[in-house]
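What follows is a short report on a single structure.
The values are calculated or read from the model by the stated rules, or taken from the named source; none is laboratory data. Worth saying up front: this structure is predicted, and the values here are computed from it rather than measured. Note: ideal-geometry Cβ built from the backbone for every residue, glycine included; neighbour counts use all protein chains shown. When the accessible area is computed, the model is the full protein with side chains, heavy atoms only, and any ligands, DNA or RNA have been set aside. Shrake-Rupley method; radii C 1.70, N 1.55, O 1.52, S 1.80 Å.
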Amino acid sequence: MFTQDTVPAGLLRDHVTREGTWALIHVLEGELLYRVPGWDVEQVLYPAAAPGVVLPQVPHSVQPAGSVRFFVEFYALQPQEQASRPGLPSTGLVE
């Protein structure tokens, strides 16, 4: 669980997940700006919105928009899944 005061500095600048690791960003209170610069994506995440989808090895960052409380839920594809399933669950981000 992170807030505007406890979000790690590394999340505020472009960073990537490991190969085969993806995540969902859930906002419980407030708003969080989610950026994917290589795709020209800037998405405001808030409690009633769908979670932000972080794809493996795609540079991204977040920025609190005032008071916020959020968490990141990580998932890892097994090696056999990575080979047979190059895509991830359907998201509004990549469609």
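I need the peptides 18-25, 4-11 ranked by packing, meaning the mean over residues of other C-beta atoms within 10 angstrom, with the highest value on top. Walk me through the intermediate numbers first.
Numbers: 18-25: 15.6, 4-11: 11.0.
For the peptides 18-25, 4-11, the packing ranking is 18-25, 4-11.
Measuring only protein heavy atoms, the 1.4 Å probe finds VAL72 accessible over about 40 Å². Taking chymotrypsin sites (Phe, Trp or Tyr not before Pro) across segment 40-81, none is in a DSSP loop with at most 12 further Cβ atoms lying within 10 angstrom of its Cβ. Need one number: nm distance between label points at GLU42 and THR3, each 7 Å from Cα along Cα→Cβ, rounded to one decimal. Distance between the two pseudo-spin positions: 2.7 nm.
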